[in-house]
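Each reported figure results from applying straightforward, stated rules to the coordinates on display, with no laboratory input. Everything numeric here is computed off the predicted structure, so don't read it as measured data. Don't worry about glycine lacking a Cβ; one is built from the backbone with ideal geometry, like all the others, and counts go over all protein chains shown.
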């Protein structure tokens, strides 16, 4: 294989709100931490161990604005992108590095707003159990509909 590949695919939960930074030319960048979990059984203690890995996600321009509008802390999201390491010097002149995922594609898997809306709609549509007279009325209506059938 003569080419190279720099591709990352993650499914995780937002660790914080999307932080936006706007530029003079009209562009913008959104940044947020993403948590992924690995769970396994410890052979020594026979207990379930969960390790959380944190990833720094960077989204640009329109994608960043969409993420800021629809995502909030705790939401589950699929992120696709590439790894990029930034280098800078801190105030003491030491070289510092940060590895980020430059997001090229994303899919919202769940949002708190959707979950809250679904819960409120489900509560509103649930009615108390039908009384016997309501059940009889519904049954008679169903029988009337059956009589109208041509076969």
I'd like the full set of residues that are exposed (fewer than 14 other Cβ atoms within 10 Å of the Cβ) and part of a loop (DSSP other than H, G, I, E, B), limited to the stretch 76-111.
90, 91, 92, 93, 94
Taking the condition of being in contact (Cβ under 8 Å) with a residue 40 or more places away in the chain and on the phi > 0 side of the Ramachandran plot, how many residues in the stretch 59-80 meet it?
1
Residue 73 fails exactly one of the following numbered conditions: (1) under 15 Å from the mean Cα position of the chain (by Cα); (2) loosely packed, with under 12 Cβ neighbours inside 10 Å. What is the number of that condition?
(2)
Could you check residue 49 against (1) outside any strand (DSSP E or B); (2) free of Cβ contacts under 8 Å to residues at least 12 places away in the same chain; (3) surrounded by 10 or more Cβ atoms within 10 Å (Cβ to Cβ) and say which number it fails?
(1)
From 74, 26, 30, 63, grab the single residue that is closer than 11 Å to residue 103 by Cβ and in contact with a helix residue (DSSP H, G or I) (Cβ under 9 Å, 6 or more places away or on another chain).
30
Per the list (1) loosely packed, with under 14 Cβ neighbours inside 10 Å; (2) out of contact with any strand residue (DSSP E or B) (no Cβ under 6 Å at 6 or more places or on another chain); (3) at negative phi, residue check on residue 26 breaks on (3)
Can you pull out the residues in the stretch 62-75 that are in a helix (DSSP H, G or I) and under 22 Å from residue 37 (Cα atoms)?
67
